[in-house]
Amino acid sequence: MKNVAVLGASPKADSYSNKAVHDLVNHGHHVYPIHPLCAEIHGQPCYKHLDDIPSEVDTLTLYVVKERSTQLMDNILALQPSRIIMNPGTENELLETKAKEHDIEVIRGCTLVMLRTGQF
């Protein structure tokens, strides 16, 4: 069981980040959706900011564009997750370089596929 933050979590049922929250919960993980306006997603309370998360985070999975993750880079690095998953469309070379400098593993992959194939 891991503590997983979902940056860019969405309450929209057809979004990949929403499906990720759902699947992570169903796989028994503690999930921390990050959304500034949403109260909860799939029964999990939402957090407005990364620094609002009350626990250490094992995995940060990204569902935000490169420009947004660059804006949040200091917050992401301060969170000190063991790894960051850059889902398709969220790749950020600068964040990847900085994360590796902070001994944070970076995976370019799909959280949904990783969960379904036992690679999470």
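Non-local amide H neighbours of H42 (under 5 Å, H modeled in plane, Pro and chain starts lacking H): which ones?
The list, which skips near neighbours in sequence, is empty: none.
Please list, or write none, the aspartates and glutamates whose alpha carbon is within less than 12 Å of the alpha carbon of K98, excluding same-chain residues fewer than 8 places away.
Qualifying aspartates and glutamates at Cα under 12 Å: D74.
Out of the total accessible area of region 51-120 (probe 1.4 Å, heavy atoms of protein only), what percent is carbon and sulfur?
Carbon plus sulfur share of accessible area: 46 percent.
Measuring with a 1.4 Å probe in the full set of protein chains, what accessible area per residue, in whole Å², belongs to the chain?
53
With loop defined by DSSP as not H, G, I, E or B, and exposure as at most 12 other Cβ atoms within 10 Å, which is the longest segment of the chain clear of exposed trypsin sites (Lys or Arg not before Pro)?
Maximal segment without exposed cleavage sites: 49-120.
Taking all protein chains as present, what is the carbon and sulfur share of the accessible area of region 1-47, in % to the nearest whole number, probe 1.4 Å?
56
Out of N87, N26, N18, any idea which swings most in a Gaussian network model of the chain, alpha carbons joined below 10 Å?
N26
Restricting to Cα pairs below 8 Å that are 6+ residues apart, what does the relative contact order work out to for the chain? Please round to a whole percent.
23
Mind pulling the per residue volume of the convex hull built on the Cα atoms of the chain? Å³ is fine.
94
Restricting attention to region 28-120, which GluC sites (Glu not before Pro) occupy a DSSP loop and are surrounded by at most 13 other Cβ atoms within 10 Å?
Hits after loop and neighbour filter: E56.
The values are calculated or read from the model by the stated rules, or taken from the named source; none is laboratory data. Bear in mind the structure is a predicted one, so any value in this text is a computation, not a measurement. Here the Cβ is made from the backbone with ideal geometry for all residues, glycine too, and neighbour counts use every protein chain on show. Ligands, DNA and RNA are stripped out before the accessible areas are found, and what is left, the full protein with its side chains, is counted by its heavy atoms. Shrake-Rupley method; radii C 1.70, N 1.55, O 1.52, S 1.80 Å.
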